[in-house]
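Each remark here refers to the structure printed beneath this line.
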Amino acid sequence: MPPKDADPTKVHRLFYPQVSIVVTVVDQGGHGGMPAIWCMPLSFSPSLIGVAIASEHKTYRLISEAEAFAVNWLDFSYARQVAGLGEITGKEHLNKLLAVGLSTMKWAKTYP
């Protein structure tokens, strides 16, 4: 319960700072990526992760089409790139990751 003198519209700030993750997706429609704070494990068997992404974001559309995404934890040395992903739009950049100076690699392992 928040303190009685806390502004209830700002109580969510008690949860910050948090380590943001970068959700990435590669699809025929482009390379998408976005920082996300709301991420949590849903299941260990099968391995499932949930992230909160607004449906109007291009990254959401790419994930829906690809039916897969990657979750990346980047250390503080990537703060500029992570911030850049939140500042530019996928509507203007076919490859948001490259636009902010990040590269991709293919991960061979898939989970059912």
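Listing for the model above:
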| read-out | value |
| --- | --- |
| Tally, over segment 84-99, of residues that are open to solvent by less than 50 Å² (accessible area, probe 1.4 Å) and in contact with a strand residue (DSSP E or B) (Cβ under 8 Å, 6 or more places away or on another chain) | 5 |
| Subset tally (residues that are in contact with a helix residue (DSSP H, G or I) (Cβ under 9 Å, 6 or more places away or on another chain) and open to solvent by 40 Å² or more (accessible area, probe 1.4 Å)) for segment 58-70 | 2 |
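The values are calculated or read from the model by the stated rules, or taken from the named source; none is laboratory data. These numbers were taken from a predicted model, which means no experiment stands behind them. Please note: Cβ atoms are built from the backbone with ideal geometry, for glycine as well, and neighbour counts cover all protein chains shown. To get the accessible areas, we keep the full protein, side chains included, count just its heavy atoms, and leave off ligands, DNA and RNA. Shrake-Rupley method; radii C 1.70, N 1.55, O 1.52, S 1.80 Å.
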